[in-house]
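Every number here is computed from the coordinates shown, using simple stated rules; none is lab data. As the structure is a prediction and not an experimental result, all values here were calculated from the model. Cβ placement follows ideal geometry from the backbone for every residue including glycine, while neighbour counts extend to all protein chains displayed.
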Amino acid sequence: MAGGTKRLPRAVREQQMLDAAVTVFAENGFRDTSMDSIAAKAEISKPMLYLYYGSKDELFAACIERESSKFMDAMSIGFNPALRQRDQARTVIKEFLRFVDENQESWRVLYRVAVGTTNFSDLVTTSRKRITEMVAVLIKRGTTVDADDIDFELTAVALVGAGEAVADRISEGDVDLETATDLLVGITWRGLKGVGTHGNVEPAAENT
């Protein structure tokens, strides 16, 4: 327990604290989480927790930064311009949903707790913007005719929004990964076919 904690390297101890904080924030939300409960979860003393993170705000910001980085790393792994457009779309979607499936507490902290906490919503907005930009690049790369940048951007916003809604269901255990992936790929592909102000922009022809 807190009184008998072993001496660990600082970097290891920091990760231990962040792991505990993510779990408690995901369970209780920001307002109802106390530093006492996080210290207890991490099996350390509260003074030690304050030594590493001077306030609950500072600790929560560190959680958001770490979990956002993990999320973006997962998305980057799936983003491969060498793939055909449909294969690329499925890969990105599956990596996105796989992250949520394997990191449900992380997802809840990023897209529920942080979004609802005024001081931290901007951090999530930045992460969402980066993902939207990646999706817009994917859409633009795969189309055969020119369209305005706003067409690609708004389609990406819509697809990311749909992805977040499906991810929420995964984080609650309401749907399995493969079913969610198939559903979202179908939605995404229909969205790609409709890019353009006149709704006649088709995805690039794919070699079989």
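Here are a few things to note about the model shown:
- The ranking of SER127, SER34 by Cβ neighbour count inside 10 Å, starting from the fewest, reads SER34, SER127.
- Phi angles across the range 32-49 convert, under the Karplus curve 6.51 cos²θ - 1.76 cosθ + 1.60 with θ = phi - 60°, into 3J(HN,Hα) values of 8, 9, 10, 5, 4, 5, 5, 4, 5, 5, 7, 6, 9, 7, 5, x, 5, 4 Hz, Gly and Pro given as x.
- Under the shape rule built on the C-alpha gyration tensor, where the axes satisfy a ≥ b ≥ c, the range 2-54 is prolate, since a/c reaches at least 1.5 and a/b is greater than b/c.
- Note on the range 74-185: Cα-only Rg and Dmax are 14.2, 42 Å.
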